[in-house]
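Asks: Dropping the structure in here first, questions after.
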């Protein structure tokens, strides 16, 4: 009987990955919705007033919403490592990433460019056609070219993370992932506190890397039941590293506590709490909402301000419109375009 119980325990420990293969994590999707919405609130409520000199009510600033991007990076660590596990080849992985990122990004870039061209905001936010063309590949930041929307800066960070994970997939280094993650963390520490490695800071994500590492560790714990002491130590080390590396971000210490708490609750403790219709809706539209909200929202706010609508509650108008646009893009564009590209690029070709 004891031997049978031990055998059963081993089966249970190896079960999560197989059982959840191909299944979406609804609670993580909801968490992504939270991240996107707090970023929207930060930009529409705090950043706009700060940039254009308006003085909202003290309770109406929501400056801490920009930490939603840090939560995005942690979610990416979890989700992208899961995607790696489900990809049969490097080609398949990048096709999936292309389908997920670029068609929606291109549409939102065009909408944002047209909106700011028709209703100019400021030299900081107005873009030329040349800058828009550079931005089509998302790598414009590496060449010092301004993005059509300031929010797009994080997309380059994501792409560079994908490149790093591509090495793991191509060389099948999954069994050595902890060695890779510890080495990555050491490079982060060396770069930020000892010596700036020329040219490697951006390519190796030596600022935001610990956030991705935490996400990967949570994946290993959730999917593979890997909860050894060295996993907890790696998470703790990354947590502390983030506080010191990102110290220029006011409030990063308590923000990391909140982000970690939300992630643990959503993935391990009470995922059902996050799986309500509103959060799942925001999670579903989170990507186009993130891409469309800032400059397009600023255009609407600036036009309203010029017409004398200065009450803080007016901010609900651009937020609601951006949510509507994001829903329309998700429902009538993203879903159909993704289906088209999947059938074209991923569907097995029939032998002739």
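The values are calculated or read from the model by the stated rules, or taken from the named source; none is laboratory data. All values reported here derive from a predicted model rather than from experimental measurement. Ideal geometry is used to build each Cβ from the backbone, glycine not excepted, and the neighbour counts take in all protein chains shown.
Asks: Mind counting the residues in the range 261-271 that are without any contact (Cβ under 8 Å) to a residue 60 or more places away in the chain and outside any loop (DSSP other than H, G, I, E, B)?
Replies: Qualifying residue count, the range 261-271: 5.
Asks: Can you find even one residue in the range 10-31 that is closer than 19 Å to residue 303 by Cβ and at pLDDT 80 or above?
Replies: The answer is no; no qualifying residue exists.
Asks: May I pose another question? Scan the range 126-140 residue by residue and report those that are more than 20 Å from residue 97 (Cα to Cα) and surrounded by 20 or more Cβ atoms within 10 Å (Cβ to Cβ).
Replies: Once the filter is applied, which keeps residues that are more than 20 Å from residue 97 (Cα to Cα) and surrounded by 20 or more Cβ atoms within 10 Å (Cβ to Cβ), the range 126-140 yields 127, 132.
Asks: Can you name the residue in the range 141-150 that is in contact (Cβ under 8 Å) with a residue 12 or more places away in the chain and in a helix (DSSP H, G or I) and is also surrounded by the fewest Cβ atoms within 10 Å (Cβ to Cβ) among such residues?
Replies: Initial filter on the range 141-150 (in contact (Cβ under 8 Å) with a residue 12 or more places away in the chain): 141-142, 145-150.
Subset that is in a helix (DSSP H, G or I): 141-142, 150.
Numbers: 141: 20, 142: 13, 150: 15.
This residue is 142.
Asks: Could you say whether any residue in the range 43-61 is in contact with a helix residue (DSSP H, G or I) (Cβ under 6 Å, 6 or more places away or on another chain), assigned to a helix (DSSP H, G or I) and without any contact (Cβ under 8 Å) to a residue 24 or more places away in the chain?
Replies: Yes, the conditions are met somewhere in the range 43-61.
Asks: What single numbered condition from (1) in contact (Cβ under 8 Å) with a residue 40 or more places away in the chain; (2) over 30 Å from residue 303 (Cβ atoms); (3) in a loop (DSSP other than H, G, I, E, B) fails to hold for residue 195?
Replies: The number of the failed condition is (1).
Asks: Further, regarding this structure: Considering each of 165, 223 in turn, give the residue that is buried (at least 18 other Cβ atoms within 10 Å of the Cβ), under 16 Å from residue 78 (Cα atoms) and at pLDDT below 95.
Replies: Just one listed residue meets the conditions, 223.
Asks: Right, here's the next one. List every residue pair whose Cβ atoms lie under 7 Å apart, where the two residues are 6 or more positions apart in sequence or sit on different chains, the first residue falls within the range 153-180 and is at positive phi, and the second residue, located anywhere, is part of a helix (DSSP H, G or I) and surrounded by 14 or more Cβ atoms within 10 Å (Cβ to Cβ).
Replies: none
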